[in-house]
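The values are calculated or read from the model by the stated rules, or taken from the named source; none is laboratory data. Keep in mind it's a predicted model, so treat the numbers as computed, not measured. Cβ placement follows ideal geometry from the backbone for every residue including glycine, while neighbour counts extend to all protein chains displayed.
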Amino acid sequence: MCGLTGFLDPRGTVPLDATARAMAATLAHRGPDADGVWADDAAGVALGHRRLSIIDLSPAGAQPMASACGRYVIAYNGEVYNAEDLRRELAAAGHAPNYRGHSDTEVIVEACVRWGVRAAVDRLVGMFAFALWDKETRTLVLARDRLGIKPLYWGEAGGLFLFASELKALHAHPGFRAEVDPAALAAYMRHNYVPAPACIYKGVFKLEPGCLLVKRAGEAARIERYWDLRRVAREGQRSPRDLTDAEAVDEADRLIGDAVKRRMVSDVPLGAFLSGGIDSSTVAALMQAHSDRPVRTFSIGFDVDGFDEAPHAAAVARHLGTDHTELYVDPGQALDVIPRLPEFYDEPFADSSQIPTYLVSALTRRHVTVALSGDGGDEVFAGYTRYAWGDLLRRRTGWLPRPLRRAAACGLHALSEEAWDRLLAVLPASRLPSHPGQKVHKLADVLAQPDDMALYRRLITAWRDPSALVPGAQETPTVAWDDGARDDVPAFMECMQMLDSLTYLPDDILTKVDRASMAVSLEARVPLLDHRVVEFAWSLPRRLRVRDGQGKWILRRVLDRYVPPALTERPKMGFGIPVDKWLRRPLRDWAEDLLSPQALTEGGLLNPAPVRHAWAEHLAGTRNRTTELWCVLMFQAWRRRWGAA
């Protein structure tokens, strides 16, 4: 796990080594163990690298790294878990250079020598982003893993081509101009993140998951897709595999077990995040099954009703016999993180679970350097409540005339979320989901939508009308506005899964985990997003993912083999904190400063009227506007930190 950066500038406008080193220095948190720079003055190319040593701790694993033949130079971030398999395959193909060490970096660059970049990337199992310079053809290739676990930004202007793991590295190049893109800002206000391939800055982009970018001096960058989740979903759902329940569970156990086992290879201490939910418990259970000593597990707790998963995690840890560490966080510790968020997330990012994710990463890093995570299970195995719930409601209410649905929605919205929480508190705890008032208001939104795709777009929306918030902006669209998505995967539930996996998963969930873990120099590995597991999940008929209205059917059956269901079966809680209440009390002054009319009009990007209205409603308690307000607050805090206009 590392940070990479660099640039291609044949004009020679800046000193290559010094500039690349300055850019890499901004990524020291991603790689505190070593740094390196490689440059070719004649070609005007420079690669910079910061290393977090995980595999082969010796100088033999240092980067940027040249191939044995000297043709290629690579700067790489991530882990490839089948490196030893590829090393043997290379040897069998007659390619057996004198390896300097046993790092996966050497295997990747030698695979590119033997098979070419595209064929080499097709063989990789893991998470990765890399930049590869071909001295012979003077070609730069950027690559990103299939699911978007590792980040990679790029941009070009006036003959200068820049790239980096994080945007802060681009700021260190004298030729970089940071100008906010209003279209990207409007999209951010809808999604709580800037959706790929867009970036908050004009002229800068995210390389999308499963893509290669090829760049030669004087030519426009060319992007090609080597792996397509849309195609995987389409083909899997059109021709699902005919498996019995037992066969499917056996194969899932084997595949996920192999994914976990491969991610346990490390030359430094290793552990796992454990919340006590289905996903993290499955990962921890399979880790323990493949270990001859207690696995290290970590969780954090909050003394706040509805937000504390620590007791559930502790129960699972006791059953598995892991070496478990938990930390109870008081509100002050969480609040202290908030001013630092724009430093960690150098592009506006507004998923408030970024706070507990950072806290559990910081706790874990005190003990280990690598942690396995259960992220991705909801998208891959249909775990979000909205999948089964939204699909069921659309089927049962879709026949109702739209005026009746709108009237019912208005009735449900008549009570605040807090009022619904109090009203529904009479139900048995086992039947009551977390934050029931919020769920009722989501139900109202479902009823009000004219069709399935409109419903999905409402479910993923923070600000309903971003153009009113960012005047004059033409919002950058995403695949959620592509009607062809329903043609690829006609079933509504599966279409929601696919769209989430293409957008929300890489741009929110994986971004959150990458930045939070890397801020403390912790490598987070996500075995449920092994592409072989993802392809297997999409090949299954619905009955093996969702049954009796409950998602993750097959994942639950795998977990049943290791942990009694009573320890993990409970309403989905999520990984959150009570931001809504904090905004009314301990965070009120901080928020008011950022949301003042003067602050909102600064820079001329935002219309303060809708923001001030939402803030007044939230303070009065008439509506919970946390999602929308946090989105604006994180943009405002980011803008102050990075000085973007």
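Total residues in segment 312-332 satisfying the condition of being out of contact with any strand residue (DSSP E or B) (no Cβ under 9 Å at 6 or more places or on another chain) and on the phi < 0 side of the Ramachandran plot: the figure is 3. Within segment 177-213, the set of residues being over 30 Å from Ala468 (Cα atoms) and crowded, with 20+ Cβ neighbours inside 10 Å comprises Pro209, Gly210, Cys211, Leu213. For segment 7-20, name all the residues that are charged (D, E, K, R) and surrounded by fewer than 18 Cβ atoms within 10 Å (Cβ to Cβ). Correct list: Arg11, Asp17.
Helices (runs of 4 or more DSSP H) fully within segment 485-559 that include at least 3 residues being surrounded by fewer than 24 Cβ atoms within 10 Å (Cβ to Cβ), in contact (Cβ under 8 Å) with a residue 12 or more places away in the chain and among the small types (Gly, Ala, Ser): none found.
Filter segment 594-604 down to the residues that are modelled with pLDDT of 95 or more and either within 29 Å of the chain's Cα centre (by Cα) or surrounded by 14 or more Cβ atoms within 10 Å (Cβ to Cβ) (or both) and list them by number. Those that are modelled with pLDDT of 95 or more and either within 29 Å of the chain's Cα centre (by Cα) or surrounded by 14 or more Cβ atoms within 10 Å (Cβ to Cβ) (or both): Leu594, Leu595, Ser596, Ala599, Leu600. If you filter segment 203-241 down to residues that are of a type in the set (Asp, Glu) and in a loop (DSSP other than H, G, I, E, B), you find that the one that is nearest to Ala42 (Cα to Cα) is Glu219. Checking each residue of segment 368-388 against the condition of being surrounded by fewer than 24 Cβ atoms within 10 Å (Cβ to Cβ), out of contact with any Leu (no Cβ under 8 Å at 6 or more places or on another chain) and of a type in the set (Lys, Arg) gives no match.
Among the strands (runs of 3 or more DSSP E) confined to segment 268-334, the ones with at least 2 residues that are among the small types (Gly, Ala, Ser) are located at 270-273, 296-302.
Name the single residue, out of those in segment 8-37 being in contact with a helix residue (DSSP H, G or I) (Cβ under 7 Å, 6 or more places away or on another chain) and in a strand (DSSP E or B), that is nearest to Gly218 (Cα to Cα). Going through the qualifying residues, I end up with Val37. Considered as a group, the residues in segment 21-41 that are of a type in the set (Gly, Ala, Ser) and over 24 Å from Gly158 (Cβ atoms) include one that is surrounded by the fewest Cβ atoms within 10 Å (Cβ to Cβ), and that residue is Ala28. On the stretch given as segment 371-409, residues that are within 19 Å of Gly276 (Cα to Cα) and not acidic (Asp, Glu) total 12.
Comparison of Glu208, Glu166 shows that the only residue that is not aliphatic (A, V, I, L, M) and not assigned by TED's automatic domain parsing to the domain that holds Pro15 is Glu208. Residues in segment 358-392 that are part of a loop (DSSP other than H, G, I, E, B), closer than 30 Å to Ser539 by Cα and not hydroxyl-bearing (Ser, Thr, Tyr): Gly374, Asp375, Gly376, Ala382, Gly383.
Test Ala259 against the criterion of being farther than 30 Å from Asp134 by Cβ and touching a residue at least 12 places away in the same chain (Cβ under 8 Å), and give yes or no. Judged against the criteria, Ala259 is a match.
Among residues of segment 161-188 that are among the charged types (D, E, K, R), those with a Cβ under 6 angstrom from a residue that is surrounded by fewer than 20 Cβ atoms within 10 Å (Cβ to Cβ), sequence gap 6+ or separate chain, pair up as Glu179/Lys202; Asp181/Lys202.
Considering Glu592, Glu617, the condition of being free of Cβ contacts under 8 Å to residues at least 24 places away in the same chain and more than 26 Å from Glu343 (Cα to Cα) is satisfied by Glu617 alone.
If the condition is being out of contact with any helix residue (DSSP H, G or I) (no Cβ under 6 Å at 6 or more places or on another chain) and surrounded by fewer than 18 Cβ atoms within 10 Å (Cβ to Cβ), then segment 267-306 contributes Asp267, Val268, Pro269, Ala289, Ser291, Asp292, Arg293, Pro294, Asp303, Val304, Asp305, Gly306. Of the listed requirements (1) at pLDDT below 95; (2) more than 30 Å from Arg138 (Cα to Cα), Gly218 misses just one: (2).
Scanning segment 38-88 for residues that are in contact with a helix residue (DSSP H, G or I) (Cβ under 7 Å, 6 or more places away or on another chain), outside any loop (DSSP other than H, G, I, E, B) and among the small types (Gly, Ala, Ser) gives Ala39, Ala46, Gly48, Gly61, Ala83.
The single condition among (1) buried (at least 18 other Cβ atoms within 10 Å of the Cβ); (2) out of contact with any helix residue (DSSP H, G or I) (no Cβ under 8 Å at 6 or more places or on another chain) that Ser239 does not satisfy is (1). Residues in segment 263-311 that are β-branched (Val, Ile, Thr) and in contact with a strand residue (DSSP E or B) (Cβ under 7 Å, 6 or more places away or on another chain): Val268, Val283, Val295, Thr297, Ile300.
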